[in-house]
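The structure appears right after this line, and notes come after that.
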Amino acid sequence: MGWRGLGAATALLLAAAAGAAQDYPPVKARIEPVKVTARAWYVQGQPGMANAANEAYNSNAGFVVTDDGVVVIDALGSPALGNELLKAIRRITPQPVRRVIVTHYHADHFYGLGPFRNAGAEIWAHRGALDYLTGGEAQRRRAQRAVDLYPWVDADTPLVHADRWLDGDASFTLGGVRFDIHHFGPAHSPEDLVVVLPQEGVLFSGDMLFTGRIPFVGEADSKAWLARIGRLIELKPRLMVTGHGAVSSAPGRDLALTRDYLAFLRVEMGRAVADFVPFEEAYRRTDWSRYAGLPAFEAANRVNAYGTYLLMERELLGK
Ligand SMILES: [Zn+2]
């Protein structure tokens, strides 16, 4: 590295230090950790989609206090929220956050990673997120969110990559607590990770499961997702912390909402595709009444139906 390179490196270090000390917009939402087992906690975002009014606080995050540091699962949907989560953890334990496991690279789960990286945490995620991060889609999504969610998200919100990209399942023990990480993608996303704490009987499902609201399906592979919901049930968790909604003490029952909704989309849109009914007409004809009263229906259902319609076309054509 020449002199110019050193200069650039120094400038980058200075910029990083400035970032570490940066102020975030003041958050009104209360990030209140709820204890679910002896060592596991979670915070619950507000129902519905992220918007400026809920300060982008619409998703959950979890953390586990071991005897040798804290492991965090997901980082919430803005740098300010990530910073609030870090502060909430520090109110509970003086131990450092050693690791953050990102269940998937959707904006509402990873935009809060910056403060954790600045605090020295090591970030783990599945390699399946790299296409999204490096193919331009993550940048387009951030540009859109910088409009919809300003000042919580702006053009400078960092798209923080993992320090360790997993190729599949992984396990580790930290401070007496065993963590089993299962790769469940492609389902809700290519990179879906589920984190199981066998000693605590708790499973962090990311967006493999939504409780109490319409799931965001978009362009997800719902066929694979349905198959993997079956695998989630086989893990027999006592408690399940989901990506959105309250902790589930009856995972079997709550899995049914996501499973039945996905199956319903596939049946209705699949029939329309097979009968050459255009999407608009199929959407209008479908009786959505059993889901229309749930949070996020207005914002998510049409996109979910359209994504499923296109998916069923591809499945019908064998692509
Ligand atoms: Zn998601």
So which residues in the range 197-212 are within 16 Å of the ligand (Cβ to nearest atom) and surrounded by 21 or more Cβ atoms within 10 Å (Cβ to Cβ), if there are any at all? PHE204, SER205, GLY206, ASP207, MET208, LEU209, PHE210, THR211
Here is a check on your reading of the model: is PHE179 touching a Phe, Trp or Tyr at 6+ places or on another chain (Cβ under 7 Å) and outside any loop (DSSP other than H, G, I, E, B)? yes
Unmet requirement for VAL160, which otherwise passes all of (1) at pLDDT 95 or above; (2) away from the ligand (no atom under 16 Å from the Cβ); (3) out of contact with any Lys or Arg (no Cβ under 7 Å at 6 or more places or on another chain); (4) not in a strand (DSSP E or B): (3)
Residue set ASP260, ASP254; condition of a type outside the set (Val, Ile, Thr), surrounded by fewer than 20 Cβ atoms within 10 Å (Cβ to Cβ) and more than 16 Å from the ligand (Cβ to nearest atom); output residue ASP260
Listing of strands (runs of 3 or more DSSP E) fully contained in the range 27-109 that carry 3 or more residues being under 17 Å from the mean Cα position of the chain (by Cα), modelled with pLDDT of 95 or more and of a type outside the set (Lys, Arg): 40-43, 61-66, 69-73
Residue within the range 213-235 that is within 14 Å of the ligand (Cβ to nearest atom), within 24 Å of PHE63 (Cα to Cα) and either touching a Pro at 6+ places or on another chain (Cβ under 7 Å) or part of a helix (DSSP H, G or I) (or both) present: yes
If I filter the range 109-126 for residues that are in contact (Cβ under 8 Å) with a residue 40 or more places away in the chain, touching an Asp or Glu at 6+ places or on another chain (Cβ under 6 Å) and within 16 Å of the ligand (Cβ to nearest atom), do I get at least one hit? yes
One residue is enough: does the range 247-254 have a residue meeting the conditions part of a helix (DSSP H, G or I) and either modelled with pLDDT of 95 or more or touching a strand residue (DSSP E or B) at 6+ places or on another chain (Cβ under 7 Å) (or both)? yes
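Results for (1) closer than 19 Å to GLU219 by Cβ; (2) in contact (Cβ under 8 Å) with a residue 12 or more places away in the chain; (3) among the small types (Gly, Ala, Ser); (4) crowded, with 17+ Cβ neighbours inside 10 Å, shown as yes or no for each residue.
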{"position": "ALA155", "(1), (2), (3), (4)": "no, yes, yes, no"}
{"position": "HIS161", "(1), (2), (3), (4)": "no, yes, no, yes"}
{"position": "LEU166", "(1), (2), (3), (4)": "no, yes, no, yes"}
{"position": "SER171", "(1), (2), (3), (4)": "no, no, yes, no"}
{"position": "GLY176", "(1), (2), (3), (4)": "no, yes, yes, no"}
{"position": "HIS182", "(1), (2), (3), (4)": "no, yes, no, yes"}
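Determine which member of the set VAL102, VAL147, VAL65, VAL71 is away from the ligand (no atom under 16 Å from the Cβ) and buried (at least 24 other Cβ atoms within 10 Å of the Cβ).
Selected residue: VAL71, the only one of VAL102, VAL147, VAL65, VAL71 that is away from the ligand (no atom under 16 Å from the Cβ) and buried (at least 24 other Cβ atoms within 10 Å of the Cβ).
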Give the range 240-250 a look and list any residue that's under 18 Å from the mean Cα position of the chain (by Cα) and more than 15 Å from the ligand (Cβ to nearest atom), or say none. MET240, ALA246, VAL247, SER248
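The values are calculated or read from the model by the stated rules, or taken from the named source; none is laboratory data. Worth saying up front: this structure is predicted, and the values here are computed from it rather than measured. Counting neighbours? That spans all protein chains shown, and the Cβs are built from the backbone with ideal geometry, glycine included.
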